[in-house]
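Working notes, beginning with the structure itself.
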Amino acid sequence: MTIDIGTPARVLLVGKRVRVLDELGRALREAGMVVREETDADRVRYGVDGSSIDILALGRAFTGPKRDRMIATLKAANPALRVVDGLAPIPSIILAQIREVVTAPNRDTRVVGAAAYESGDNSIVLVLRRPAHLDVTLHRLDPLYRVHETDVYTGPLDRGRQRLPLGRRVGRGERFLVVEADDETTVHPLG
């Protein structure tokens with residue numbers, strides 16, 4: 001999985017869980033990105049030059065004023081800095097979020113205009129702006145923080161509203177849909 005953007009994206013990962021940072025860092029390096037990992041917000045704020053990074057990816061533990069000060073400091077050196085707030089402590093979701101920033105930065109022109117989970121008929125509904133080849137994966141973080149992954153669909157789809165049946169019931173927990181449509185990756189929290 002290589003992302004061709006001319007020069008490699010420079011990513012700073014900031015999170016509390018070293019294991020998650022290491023796993024995510026490995027995956028991003030394999031995708032051709034330059035990665036730095038950090039667990040301390042103050043070290044980032046005072047020790048990282050914002051102009052040396054393109055993407056700041058933050059774990060869910062970094063919230064509030066400390067997060068805001070860190071971002072403000074980095075953006076002062078690099079106004080074009082893109083910030084990714086991790087939706088879940090699932091490396092594949094954060095990787096997809098970073099790929100989204102790199103491959104599909106403009107929300108108004110993305111292939112996938114909208115995505116939703118329909119519990120009544122247990123299906124995923126996508127709205128596509130144009131025909132594309134899709135790989136659709138549902139990720140779920142259950143109430144015990146176990147990760148579940150379901151391959152939903154792989155193949156071509158036409159533009160418009162598309163319904164993808166899941167087959168089996170999706171359990172409780174936080175749900176996230178990752179859609180790879182041609183060369184774009186998008187992530188959709190599904191309530």
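The values are calculated or read from the model by the stated rules, or taken from the named source; none is laboratory data. All figures in this text were calculated on a predicted structure; none of them were measured in a lab. Because the Cβ atoms are built from the backbone with ideal geometry, glycine has one as well, and the counts that use them run over all protein chains shown.
What to note about this one:
- Scanning the range 22-39 for residues that are free of Cβ contacts under 8 Å to residues at least 60 places away in the same chain and either in a helix (DSSP H, G or I) or within 15 Å of residue 7 (Cβ to Cβ) (or both) yields 22, 25, 26, 29, 30, 32, 34, 35.
- Scanning the range 132-143 for residues that are of a type outside the set (D, E, K, R) and surrounded by 14 or more Cβ atoms within 10 Å (Cβ to Cβ), we see that the one that is farthest from residue 182 (Cα to Cα) is 141.
A quick yes/no check of all residues on (1) touching a residue at least 60 places away in the same chain (Cβ under 8 Å); (2) assigned by the TED database to the domain that holds residue 88; (3) of a type in the set (Asp, Glu):
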| site | (1), (2), (3) |
| --- | --- |
| 117 | yes, no, no |
| 121 | no, no, yes |
| 145 | no, no, no |
| 150 | no, no, no |
| 162 | no, no, no |
| 165 | no, no, no |
| 174 | yes, no, yes |
